[in-house]
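One structure below.
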Amino acid sequence: MKHILLVEDEEMLVNVLATVLEEEGFSVRKSTSAEEALTVMPGFNPDLIISDIRLEKLDGFSMLEQVRKRPTRSDIPFICLTALDDTSSQQRARNLGATAYVTKPFDVDDLLKIVKKVLT
């Protein structure tokens, strides 16, 4: 079973996404902040991180940067899930090593296709 760390501060969205991913057979750990996600990451050992960019204190870009600096898990696939639809944000995500960049609003089926592609 593949483990997904889902970081999203919109409660309704995180719950819907977690349910959909769990129905597809993934183990999902929800987090509402990047700080919390970075704390639980070592014990959960995710195969994939899906994170919003606009988060309260530590944003998704900073989280991605910190994940990439971890010597033991710097290669975890990271999907940015965000309302930021500008070229500079997309470029920044690529430069930091994001695996995919999905803009809100999005089709859940499209996100599932990306998740399955990344995890196979």
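Going residue by residue through region 81-96, is there one that turns out to be of a type in the set (V, I, T), over 13 Å from the mean Cα position of the chain (by Cα), surrounded by fewer than 16 Cβ atoms within 10 Å (Cβ to Cβ) and more than 19 Å from V108 (Cβ to Cβ)? Yes, because at least one residue in region 81-96 is of a type in the set (V, I, T), over 13 Å from the mean Cα position of the chain (by Cα), surrounded by fewer than 16 Cβ atoms within 10 Å (Cβ to Cβ) and more than 19 Å from V108 (Cβ to Cβ).
Conditions (1) of a type in the set (S, T, N, Q); (2) in contact with a helix residue (DSSP H, G or I) (Cβ under 6 Å, 6 or more places away or on another chain); (3) within 24 Å of T120 (Cβ to Cβ), marked per residue:
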residue	(1), (2), (3)
D9	no, no, no
R29	no, yes, yes
T32	yes, no, no
E35	no, no, no
T39	yes, no, no
K69	no, no, no
Q91	yes, no, no
R94	no, no, yes
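Only one of the numbered conditions (1) loosely packed, with under 15 Cβ neighbours inside 10 Å; (2) of a type in the set (D, E); (3) farther than 20 Å from K117 by Cβ is violated by D52, and that is (1). Does T72 meet the test of being within 10 Å of the chain's Cα centre (by Cα) and hydroxyl-bearing (S, T, Y)? When the stated conditions are applied, T72 does not pass them.
Scan region 23-38 residue by residue and report those that are crowded, with 20+ Cβ neighbours inside 10 Å and either farther than 17 Å from L81 by Cα or among the small types (G, A, S) (or both). If the condition is that a residue be crowded, with 20+ Cβ neighbours inside 10 Å and either farther than 17 Å from L81 by Cα or among the small types (G, A, S) (or both), then F26, S31, A34, A37 are the ones that fit.
Coordinate-derived values only; no laboratory data. Bear in mind that the values here come from a model prediction, so they are computed numbers and not experimental data. Every residue, glycine among them, receives a Cβ derived from its backbone with ideal geometry; neighbour counts consider all protein chains shown.
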